[in-house]
Each structure stands twice: as structure tokens, then as C-alpha cells.
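What follows is a short report on a single structure.
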Amino acid sequence: MGSRFAFFFLFSSIAILSTPALSDLIISKLDRRIDLTSHIVRVASTLKVENAGTAVVSEVLLTIPNYQAKNLAFLLASSYEGKGKTKGPTISLPVEVVHPKGMPLDLTTYSISLSKGLEKGESLTLDVFAAFSHSLQPFPEEITQADIQLVLFQDSAFYLSPYQVTAQSLSVRLPSARVESYTKLQNTKLVESEIKYGPYENLPPFSYNSIVVHFENNRPFAVAHELVREIEISHWGSVQINEHYNLIHGGARNKGGFSRIEYQGRPNIRGASSFRRLVARLPPRAHSVYYRDEIGNISTSNLWGDSRQTELEIEPRFPMFGGWKTSFTIGYGLPLQDFLFESEGKRFLNISFGCPIDEVVVDNLFVKVVLPEGSREISVSVPFSTEQWQEIKHSHLDIVGRPVVVLQKTKVVPEHNLHFQVYYKFNNLALLQEPLMLIFGFFIFFVACIVYMHTDMSISKSSASYLAKLQWDEVQATVQQVLSIINRCLTVHDKLEASLHDLSRNGDVQACKAVRKAADALFKEYGKELKPLLGFLQSSPQAAHVWPKVDELVAKEKEMQERSMLKHSSVVECYEKKSGGRDIENRVASHQAKLTALRHEVDDLLEVVDEI
């Protein structure tokens with residue numbers, strides 16, 4: 001890999017050194033500082049620029065090799081005049097990509113527009129800050145659980161510029177003093193965890209001298225492939241924020257499996273390249289904080305807060321090794337008055353843009369600002385370039401939906417965590433829309449209940465179906481009356497049998513005759529009651545399917561009456577003649593057998609008719 005880097009830099013150097021200078025500007029002094037203490041490469045450069053020509057200069061060009069420019073996430077330029085106590089105020093300067101003629105194809109050129117033209121002989125001090133994502137390459141690319149993580153960084157010891165540089169120096173700050181190797185040039189020294197190159201003097205434009213540093217870096221390589229931040233404004237007093245993370249450890253991939261026992265026993269040794277905690281710095285007075293994933297709430301989190309900020313420490317469900325992924329959601333509420341303001345007849349939200357978790361690189365960030373329904377004349381002010389569009393979100397009690405401002409940006413680093421503003425107009429009367437809808441909804445509900453309770457919802461009494469239902473109900477009532485009478489008849493049969501048992505015990509013939517006389521009277525009375533009921537069932541079309549069984553039931557019970565009375569008369573007559581017990585049994589045996597059979601048939605028919 002080292003030979004491949006060397007070949008690339010050699011080829012680039014030949015192309016760059018053959019390019020002429022683009023203006024009479026010179027950089028009289030340059031101090032460049034590269035911070036490699038995390039997985040985000042931060043480069044801070046201080047340039048003293050002088051105009052050695054005669055024409056007024058209004059821009060300063062910066063050049064970055066394409067292999068670095070593709071990972072450039074943040075670029076900021078500012079200027080000031082004087083130094084020490086006479087140092088003037090810092091002025092932020094606009095930066096944009098340009099394509100000047102004669103520039104090598106291997107370079108990306110940026111133009112810094114000066115606040116005022118630089119006259120002949122004048123000088124200006126520029127501070128340029130750049131942050132790069134994915135610029136540290138794990139080497140080796142795969143490690144075991146017990147290995148430390150080593151990474152490669154490549155750059156130039158000389159500041160790559162289209163201008164002559166009179167004096168320059170470079171310092172590279174590392175996370176630890178463990179350095180596997182680094183490029184050694186003239187005036188190079190390693191002091192603890194810092195490599196210093198230079199000073200170098202009188203270097204021509206486009207000077208380039210490649211360096212490669214191979215060093216240990218076990219800091220969390222937390223990369224969010226996608227982060228969706230939804231900021232929902234409620235004029236009833238709250239700003240609700242939901243953040244959905246798809247996170248990966250972007251360092252050297254883990255190989256050879258994972259042992260939790262070894263990790264728990266010696267996490268600093270058997271998991272040096274992993275991370276298990278992340279810290280999110282939330283705005284002050286954040287409340288209703290939650291941390292969950294697809295499974296549910298994650299309890300491994302801690303929350304601290306004061307008047308300046310709220311700090312949320314979270315732990316994924318498992319330690320994160322290289323190449324491992326996880327997804328989770330963080331949500332919290334904020335007081336409306338701290339973030340929503342009014343100016344010139346408009347309301348505007350003033351809130352931070354980027355990811356609140358420390359040292360996380362976001363490959364693709366979506367910020368969705370959900371405004372109240374009825375918002376109009378929406379505009380956005382962001383301190384850097386983003387893609388913007390609008391959507392509609394439908395929620396509870398919405399009619400046309402809530403407007404959503406969507407901001408998208410790639411390669412987001414902590415330096416993007418700046419405040420942005422969303423301006424809109426909103427009619428205060430629209431606040432009454434949802435309460436009025438609730439009131440009206442409850443009113444309609446109670447009115448509907450009152451109407452329902454006072455409305456006859458039955459079928460029309462003149463319809464055929466209604467008449468058929470009434471007839472069937474009448475048939476059912478009649479059948480129940482018939483069954484009731486039959487049951488009463490069966491009770492009388494039981495009394496006759498009981499009187500015969502009493503006769504065999506006490507020989508009181510007169511008492512037994514009295515019971516028979518009473519039973520005969522009841523049978524006649526029940527027969528009179530049955531006559532109109534049976535006539536109705538026989539004539540009713542609705543009872544056509546039940547009438548045969550009812551008729552059979554009544555006939556069987558009538559036959560039981562006859563047999564029961566004959567048996568009773570025979571037994572009494574035998575007692576009057578003082579016949580023996582065996583003679584009495586022989587005489588009533590046929591009657592008893594028939595009565596038993598009839599009783600079973602009557603019971604079965606009662607069940608059948610009752611089911612119908």
C-alpha cells in the first residue's frame with residue numbers, strides 16, 4: 001500500500017510542479033496544524049498573504065488534491081488585520097468552488113472572496129479551517145478483538161498552493177505517542193504525540209512533498225450512514241425532536257469472532273478498538289428524553305443537565321466493533337419560548353442543524369422541520385449549502401396537512417452543528433382550529449346519541465317481514481303454553497302414582513278415590529285450555545313445521561291419561577275386593593309397561609318441540 005501511495009504522489013507532484021503561478025500574491029508566512037486525534041481530520045491553516053503585484057486582488061485561491069477534496073466536509077475562511085493587541089475583528093469570508101484555466105486536473109480549486117480588495121504592498125492574515133471525513137484508512141483493514149487499530153494518513157509536508165510560500169511549517173497531532181512509521185524529511189522531528197515538519201522557506205507555487213503517517217487510533221469511528229432529524233413545532237408550548245440513527249463502526253473490520261467473556265474481563269485490551277458509549281449534547285432544558293430501538297426502550301443511558309446544556313450518555317445493546325451496525329432513536333422535547341421567536345411579522349425557529357452526538361460523521365443527514373398547519377410564506381436560512389424541498393405531513397386533527405421543510409446534506413461533521421432559521425407566517429386564529437374541531441366533534445357525538453335514543457329503529461310494522469316475525473313470535477308463545485300444560489299434566493300423573501303407593505301402605509281406598517277424582521277434573525280443565533291453543537297452531541302457516549310434533553305430543557299424553565286412569569281404577573277395585581298382592585301386579589302389569597313407554601315418548605317429544 002505504501003508503494004501505491006508513493007507512486008500516486010509522485011505522479012501528482014510532476015503534474016502540479018509543471019503548473020505556473022496564477023497571480024502576484026505571495027504567502028509570506030504559513031502555519032498549518034493537522035489534528036488526527038479522532039477519525040475526523042481537521043486542518044487549521046494561518047496564512048499571511050501579501051500583494052506583490054500592482055493590480056488590486058479581490059480573491060485568494062485554495063487548492064486541494066482531488067483525493068482529499070472528495071472527503072472535504074467543512075471549509076471555513078476568515079480574515080483579520082493586525083496582530084496581538086492591535087488585531088482587528090474576525091470577518092467570515094465566502095468560499096466557493098471555481099475552475100480557473102491552467103489548473104491541474106488533479107486539484108480542486110476554491111476561491112475566497114475578500115471583504116475588500118488587497119492593494120499593492122498590503123497584507124492580510126487568513127485563517128482557513130477544513131474538516132475531512134473518511135480520510136483515515138485502517139491498515140490493516142481487518143483486526144481481531146484483541147488487536148489495536150492502526151490507520152494511515154497521507155498529505156503533503158508542503159502547503160499545496162498556486163502562490164509562492166516564503167516560510168511555512170506543519171505540525172501533525174496524533175491521539176497517542178505510538179507511531180508505527182512516518183515519513184522523515186528535512187527538519188522533521190517527533191515530540192511525544194506530535195510530528196513537526198519545517199520550517200521550509202522560499203518554496204515555489206504548487207510545491208508538494210508527500211508524507212504518510214501510520215499510527216494507532218482507537219477513538220470511536222462512529223459513522224451514521226443516515227440520520228433523520230424531525231423537528232416538530234407545536235404552538236401550544238413545545239418543540240419535539242426525534243432523531244433516527246443508522247450507525248456503523250467505520251474502523252478496521254472485526255474478524256475472528258467476538259468473546260463477551262474476554263471483553264468484560266479486560267475491555268481495554270480485548271476491545272481497545274471498539275466503543276460502547278456515545279455522548280449526545282442536547283440543548284438546555286431538554287425534557288421527556290427517551291432512547292429506544294426496534295425492540296423497545298433501551299435502559300442503558302444516563303442523563304445530566306444544567307442551565308447550559310443537557311448531556312445524554314447512551315450505550316448500544318452491544319459493544320461496537322469495526323463493521324458492526326446498529327439502529328436507534330433518540331427523542332426529546334424543548335420549551336417553545338427558547339427556540340421560536342418573532343421578527344418583522346414572521347415567526348422563526350432558531351435551532352442547531354447537525355448531529356448532537358460527539359464526533360459522529362453523518363454520511364447523509366435529513367433535517368425535517370414540521371410546521372403547524374396553516375403556516376405560509378416559508379423560507380430557510382442555513383449558514384452552508386444544503387438541498388431543500390417541502391413535503392406535507394398529516395397528523396391528528398389536520399385538514400390539509402402540515403408543511404414540512406426538508407434539508408439534506410452529505411458529509412456532516414460536528415462543525416456543521418450551527419444554528420439555522422426557518423421563517424414563516426402564521427395566523428393566531430388558526431390556533432383555535434383544533435380546539436373548535438374537538439368541541440364540534442363532541443357536540444356532534446352527543447347529538448347523535450340523543451337522536452339515536454329517541455329514534456325507533458325497528459322495521460316498519462306494515463312490512464311482510466315484520467308481520468311474519470310477529471306471527472312467529474305468537475307461534476313460539478303458543479308452543480310454550482302448550483308445553484307448560486303438558487308439564488302440568490305430567491305432574492298430575494305423578495300424583496296418581498303417589499296415591500297408589502300410599503294405598504299400598506295404609507289401605508285407605510277412599511283417599512285414593514278422591515285423588516283420582518281430582519286428577520280427572522284437572523285433566524278435563526287442561527284439555528279445555530289446550531283446545532284453542534291447538535286450534536291456533538293447526539291453522540297458523542308459521543306453525544306448519546312444528547304442528548305435527550305438537551299434535552303427536554298431545555296425543556301421547558292423552559293416551560297416558562287413559563292408561564293411568566285404568567291402572568288406578570284396577571288397583572282400587574282389587575283393594576276393595578281384598579285381592580292378594582300378586583293378583584294386583586298381574587292385573588296392572590300391562591298398563592304399567594304401556595305407561596312407562598308412553599312416558600319416555602312424551603319426554604322425548606317435549607325436548608324436540610322445545611328445541612324447535
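The values are calculated or read from the model by the stated rules, or taken from the named source; none is laboratory data. A quick note: this is a predicted structure, and the numbers were derived from the prediction, not measured. FYI the Cβ positions are ideal-geometry reconstructions off the backbone, even for glycines, and counts take in every protein chain you see. The accessibility values were calculated without ligands, DNA or RNA, using every heavy atom of the protein model including side chains. Shrake-Rupley method; radii C 1.70, N 1.55, O 1.52, S 1.80 Å.
Length, then width, then depth: along the principal axes, the Cα atoms of region 96-228 run 60, 45, 26 Å. The modelled label-to-label distance for the pair Thr596/Thr166, using points 7 Å beyond Cα in the direction of Cβ, is 13.7 nm. Using bins of 5 Å that start at zero, the share of Cα-Cα pairs per bin across region 325-421 amounts to 2, 10, 20, 22, 22, 14, 7, 2, 0, 0, in whole %. Each principal axis of the Cα cloud of region 561-612 was taken in turn, and the coordinate range along them, longest first, works out to 49, 15, 10 Å. Length gained on full extension, Val447 to Arg173: 91.1 nm, using 0.36 nm per residue less the C-alpha separation.
Once the cut-off is 13 Å, how many percent of the Cα-Cα pairs in region 527-569 end up in the long-distance tail? When all Cα pairs of region 527-569 are counted, 60 percent exceed 13 Å.
In this structure the amide hydrogen of Gly251, modeled in the peptide plane, comes within under 5 Å of the amide hydrogens of Phe221, Gly323, none closer than 5 places in sequence on its chain.
Dividing the alpha-carbon radius of gyration of region 242-339 by the rule-of-thumb value 2.2 N^0.38 Å gives 1.25. Provide, for q = 0.19, 0.27 Å⁻¹, the log10 of I(q)/I(0) from a solvent-free Debye sum over equal Cα point scatterers in region 113-165. Each listed q corresponds, in turn, to -0.90, -1.21.
Checking a compactness column here: for region 348-396, what do you get for Rg(Cα) / (2.2 N^0.38 Å), N being the number of residues?
Normalised Rg, Cα atoms only: 1.36.
Tell me, what is the per residue accessible area of region 352-427 in Å², probe radius 1.4 Å?
For region 352-427, the solvent-accessible area averages 42 Å² per residue.
Working from label points 7 Å from Cα in the Cα-to-Cβ sense, the Arg505 to Ser123 distance is 13.8 nm. Summing charges over all other residues whose Cβ lies under 12 Å from the Cβ of Ile64, with Lys and Arg as +1 and Asp and Glu as -1, gives -1.
For Ala73, nonlocal amide neighbours, meaning residues 5 or more places apart or on other chains whose placed amide H falls under 5 Å from its own, are Ala131, Phe132, Ser133.
Plainly put, the chain has a radius of gyration that is 1.47 times its Kirkwood radius, both from alpha-carbon atoms, as the Rg/Rh ratio.
Extents of region 433-546, taken as max minus min of Cα coordinates on every principal axis and listed largest first, are 95, 35, 19 Å. Orientation-averaged projection of region 306-354 equals 5.7 nm² [convex hull of Cα atoms, one quarter of hull surface area]. Protein heavy-atom accessible surface, 1.4 Å probe, per residue over region 213-272: 45 Å².
What's the Kirkwood radius of region 487-577 in Å, using all Cα pairs? After inverting the mean inverse Cα-Cα distance, the result is 14.6 Å. Would you mind telling me the share, in percent, of accessible area of region 33-164 contributed by carbon and sulfur at probe 1.4 angstrom? It is 53 percent, rounded to a whole number. Take 496-502, 101-107 and order them by the average number of nearby Cβ atoms within 10 Å per residue, most first; the result is 496-502, 101-107. Would you work out which of Ala77, Pro316, Ile269 lies farthest towards the positive end of the dipole of the chain, given +1 charges on the beta-carbon of Lys and Arg and -1 on that of Asp and Glu, about the Cα centre? It is Ile269. Calculated [222 nm] ellipticity per residue, helices only, for the chain: -10500 deg cm²/dmol; basis is -39500 (n - 2.57) per DSSP H run with n ≥ 4, divided by all residues, nearest 500. Over region 152-268, the hull volume per residue, using the convex hull of the C-alpha atoms, is 238 Å³.
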